Amino acid sequence: METLYDCVVVANGSFPQTAGPLELLKATPVIIACDGAVQNLHERGLVPSAIVGDLDSIPPEMLRLYADRIHTVEDQEINDLTKAVRFAHASGYRKVLILGATGLREDHTLGNISLLTDFAPLFEVVEMLSDYGRFIPVLRTTTLPCTPGQQISIFSMYPCGEITTEGLRWPITRRRLTSWWQGSLNEALETEFTLTLSPDARLIVYFQSPA
């Protein structure tokens, strides 16, 4: 299976169960595991290229088995996902997919999703995929591909920024989204839609996967 990504970062949330994320995981040449996520990979016969984190949630047997590819980062000011993504950037990867970053704990889910706008300047492509949909960061005016009828939600990370949409069922015109719900539950009309951002706007866009 051809993939757009040169690296997958697997966090220690809900491990993907559906065909799409699993196929991408198996097809992408490099897997970087966040700390305890190595257990899920190992149980499925997948070998990580690197394991990154403070090692507080990795089983001792995994420490021994994968001792040659462990990269310890003790910094407690950043989470394990950030440590792994920064490692991917330092290693030269430019198109990164993040899996396992949602589920299990809602606080971790919200924190991980919000980090996408911080990760975006580091890569040509950085996306987060779950069994239910895909999150991408948008830092400037852009046109995005979609499927007619696809459910789209827009979350503003910088409420002072203004956005305008074109190609969605419920248009937004030069509006500041001050709460996350305000841009949610929209719908694509065609095969693409455009987001026009003011210079101080930063968005995360969610595309719901087909049922």
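Points worth noting:
- Within the stretch 8-20, none of the residues are in a helix (DSSP H, G or I) and open to solvent by less than 30 Å² (accessible area, probe 1.4 Å).
- Of all residues in the stretch 83-114, those satisfying the criterion of being open to solvent by less than 30 Å² (accessible area, probe 1.4 Å), over 13 Å from residue 5 (Cα atoms) and either in a strand (DSSP E or B) or not small (Gly, Ala, Ser) (or both) are 83, 85, 102, 109, 112, 113.
- Qualifying residue in the stretch 28-37 (condition: part of a loop (DSSP other than H, G, I, E, B), at pLDDT 95 or above and not polar (S, T, N, Q)): yes
- Some residue of the stretch 161-179 being within 15 Å of residue 117 (Cα to Cα) and more than 20 Å from the chain's Cα centre (by Cα): yes
- Near pairs, Cβ below 9 angstrom, 6+ apart or cross-chain, from the stretch 1-16 (modelled with pLDDT under 90) to any residue that is open to solvent by 50 Å² or more (accessible area, probe 1.4 Å) and basic (Lys, Arg): 1/26; 3/95; 4/95
- Looking only at the stretch 67-82, and only at residues there that are free of Cβ contacts under 8 Å to residues at least 60 places away in the same chain and not in a loop (DSSP other than H, G, I, E, B), the one that is least open to solvent (accessible area, probe 1.4 Å): 82
- Considered as a group, the residues in the stretch 38-55 that are over 20 Å from residue 73 (Cα atoms) and either part of a strand (DSSP E or B) or out of contact with any helix residue (DSSP H, G or I) (no Cβ under 9 Å at 6 or more places or on another chain) (or both) include one that is most open to solvent (accessible area, probe 1.4 Å), and that residue is 43.
- Members of the stretch 56-66 that are modelled with pLDDT of 90 or more and open to solvent by 70 Å² or more (accessible area, probe 1.4 Å): 64, 65
The values are calculated or read from the model by the stated rules, or taken from the named source; none is laboratory data. This structure is a prediction, so every number in the text was calculated from the model and none was measured. Neighbour counts are summed over all protein chains in view; Cβ atoms, including those assigned to glycine, are modelled from backbone coordinates with ideal geometry. These area figures cover heavy atoms from the full protein model, side chains too; ligands, DNA and RNA do not enter into them. Shrake-Rupley method; radii C 1.70, N 1.55, O 1.52, S 1.80 Å.
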